[in-house]
Amino acid sequence: MITTYIGIGSNIEPEKHVKAAIDELKLLGSITQISTVYEAEPVGFSSNNFFNLVAELEVTCSLSELVTQLRAIELKWGRLPNAQKNQDRTLDLDILLYGDVISNNDPKLPREDLFKFAFAILPLVELNPDLIVPGTKTTISEIWNHFTHNQSLKPALINLRS
């Protein structure tokens, strides 16, 4: 089993799509933890706020299989095949970490979002603050403690249990 951390985001019917993402991820492996869902303003464009969270998932599939499966889930739930950065989306599933894998290919791991965006790192602080980010000697909580907190996050009022 490989532990992977999946960033989940949506700003189009976000409650519906976040719940759908959790249900779909359960089909790929065993979800061991889910962070708080945070509401955050979009970065790089003006629109509806995003709901963001991170799921810790135990999988047996390869990295390339996981990438393919996550992409299929995004498309199933209405993401446009040609979706660009900085635009609205029904569902965005990003591999933040995949075991101890370090990759400069697609996907780049650890994902650079961990060092740039509060919506990626804060949920990981909740789930595994002492985790050392592969390729660094830095823990998740150390990244957070040195993070420039320039993006406001607030817990979203969403019940993932229903």
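Roll a 1.4 Å probe over the protein chains and send me the accessible area per residue for segment 6-140 in Å². Kindly include the intermediate steps, with their values, before the conclusion.
On the way: 6370 Å² over 135 residues.
That works out to 47 Å² for each residue.
Given the DSSP H assignment, sum -39500 (n - 2.57) over each helix run of at least 4 residues in the chain and divide by its residue total; what's the result at 222 nm in deg cm²/dmol, nearest 500? Mind dumping the intermediate values first?
Details: 4 runs with 45 residues, N = 162.
Calculated at 222 nm, the ellipticity per residue is -8500 deg cm²/dmol.
Grab the other residues whose beta carbon is less than 15 angstrom from that of Ser46, score K and R as +1, D and E as -1, and report the net.
0
Leaving out ligands, DNA and RNA, what percent of the accessible area of segment 2-155 is carbon and sulfur, probe 1.4 Å? Present the calculation step by step, with values, prior to reporting the outcome.
Values: 3760 of 7620 Å².
After summing per-atom areas, the C and S share lands at 49 percent.
So which of Lys116/Lys154; Lys19/Lys76; Lys26/Lys116; Lys16/Lys85; Lys19/Lys154 end up more than 24 Å apart, counting from Cα to Cα?
Numbers: Lys116/Lys154 17 Å; Lys19/Lys76 14 Å; Lys26/Lys116 28 Å; Lys16/Lys85 21 Å; Lys19/Lys154 18 Å.
Going by Cα-Cα distance, Lys26/Lys116 fall outside the 24 Å limit.
Could I have the simple spin-label model distance between Ser64 and Lys76, label points 7 Å from Cα toward Cβ, reported in nm to one decimal?
Placing both labels 7 Å along Cα→Cβ, they lie 2.2 nm apart.
Go through Asp130, Asp113, Asp106 and list them by solvent-accessible area, largest first, probe radius 1.4 Å. Please list the in-between numbers first.
Details: Asp130 115, Asp113 20, Asp106 155 Å².
Listed by decreasing accessible area, they come as Asp106, Asp130, Asp113.
Pop a pseudo-label 7 angstrom from the Cα along the beta-carbon direction at both Gln33 and Glu126 and give the gap in nm to one decimal.
Label-label distance for Gln33 and Glu126, simple model: 1.1 nm.
For Cα pairs less than 8 Å apart in space and 6+ apart in sequence, what is the mean separation divided by the residue count of the chain, i.e. the relative contact order in percent?
Working: 293 pairs, mean separation 47.0, N = 162.
Averaging sequence separation for qualifying contacts and normalising by length gives 29 percent for the chain.
Find the relative contact order for segment 34-111 and round it to a whole percent, using C-alpha pairs within less than 8 Å whose residues are 6+ positions apart. Could the numbers behind the result be given before it?
Working: 76 pairs, mean separation 16.5, N = 78.
It comes to 21 percent, rounded to a whole number.
Just to be sure I understand: with springs between alpha-carbon atoms less than 10 Å apart, which residue in Gly44, Gly99, Gly135 has the highest mean-square fluctuation in the Gaussian network model of the chain?
Gly44
Placing +1 at every Lys and Arg Cβ and -1 at every Asp and Glu Cβ, with all other atoms neutral, what dipole size does the chain have around its Cα centre, in debye to the nearest 20?
Values: 14 positive and 20 negative charges, 44 e Å.
Rounded to the nearest 20 debye, it is 220 debye.
The values are calculated or read from the model by the stated rules, or taken from the named source; none is laboratory data. If you're wondering where the values come from, they're calculated on a predicted model, not measured in any experiment. Reconstructed Cβ throughout: ideal geometry from the backbone, glycine too, with neighbour counts over all protein chains shown. With ligands, DNA and RNA removed, areas are computed over all heavy atoms of the protein, side chains included. Shrake-Rupley method; radii C 1.70, N 1.55, O 1.52, S 1.80 Å.
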